[in-house]
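Every number here is computed from the coordinates shown, using simple stated rules; none is lab data. The structure displayed is predicted, hence computed values, not measured ones. Here Cβ is always computed from backbone atoms with ideal geometry, including for glycine, and neighbour counts include all displayed protein chains.
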Amino acid sequence: MVPIAFFKRTAPEVARDLLGAVLVSHCGGERTAGRIIETEAYLGVDDPASHAYRGRRHVGNESIYASPGTWYVYRSYGVHWCANLVTAPCGSGGAVLIRALAPLSGLDAMRRRRRPDGTVIADGSLCDGPGKLTQALAITRTLDGVVMTEAEVVVEWGPTRTAEQFETTRRVGITKAADRLLRFVVC
């Protein structure tokens with residue numbers, strides 16, 4: 001398991017270094033896992049795209065101010081859960097959104113969770129977005145505020161990534177600070 005010390009760095013550093021790690025869920029009593037292939041960094045109180053911008057606090061975002069390595073899970077557009085891990089410094093509101101996974105294990109459970117009606121989903125489409133991956137791994141708000149090392153969803157080490165194996169782009173679906181290159185994607 002990735003130690004909490006890993007998250008005691010800036011959001012861009014953590015976002016980049018999470019690429020290739022494996023997100024493992026035991027939610028719902030079934031093990032599902034995928035290699036992290038896309039992340040986004042949110043810089044906290046100084047980032048207009050962050051839920052912590054200007055130190056905003058409310059019941060729904062309190063976990064973004066927790067200690068590094070804590071899960072921050074929120075509802076996007078009132079529809080999908082999004083899973084983030086808080087980064088350093090503590091209280092700054094920095095976090096990394098896990099945007100996409102390459103499924104590794106528990107694919108049958110992922111398919112059931114994504115399409116209870118039995119509609120076929122290609123493996124590559126099971127976790128290719130933040131809402132899709134939380135649904136596939138059964139991640140909900142119950143994970144919010146839980147330290148990763150004590151949670152049903154953990155990050156484990158995977159193959160090492162090098163600079164040639166990923167690209168940095170603009171974040172997806174935001175209008176504020178949209179020009180910042182804070183999205184990291186495995187090539």
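Rounded to the nearest 500, the 222 nm mean residue ellipticity of the chain from helices alone is -3000 deg cm²/dmol, with -39,500 (n - 2.57) taken per DSSP H run of at least 4 residues. Applied to region 27-42, the Karplus parametrisation 6.51 cos²θ - 1.76 cosθ + 1.60 on θ = phi - 60° returns per-residue 3J(HN,Hα) values of 4, x, x, 10, 7, 10, 7, x, 7, 6, 10, 7, 9, 9, 9, 10 Hz, with x for Gly and Pro. Protection proxy ranking of 72-78, 115-121, 138-144, by the mean of other Cβ atoms within 10 Å over each peptide's residues and highest first, is 138-144, 72-78, 115-121. Each residue of region 109-115 was assigned a 3J(HN,Hα) from its phi angle through the Karplus expression (A = 6.51, B = -1.76, C = 1.60, θ = phi - 60°), giving 5, 4, 4, 4, 5, 6, 9 Hz with x at Gly and Pro. A simple charge model with +1 on the Cβ of Lys and Arg, -1 on the Cβ of Asp and Glu and nothing else charged puts the dipole of region 1-147 at about 240 debye relative to its Cα centre. Full extension of the chain segment joining residue 4 with residue 62 gains 19.0 nm, where the gain is 0.36 nm per residue of separation less the Cα-Cα distance.
Peptides 90-100, 39-49, 16-26 ranked from most to least packed by the mean count of surrounding Cβ atoms within 10 Å: 90-100, 39-49, 16-26.
When each of 58, 51 is scored by the number of other beta-carbon atoms lying within 10 Å, the sequence from fewest to most is 58, 51. Magnitude of the charge dipole for region 68-137, about its Cα centre and with charges confined to Cβ atoms of Lys, Arg (+1) and Asp, Glu (-1), is about 140 debye.
Placing dummy labels 7 Å off each Cα toward the beta-carbon, the span from residue 13 to residue 80 is 3.0 nm.
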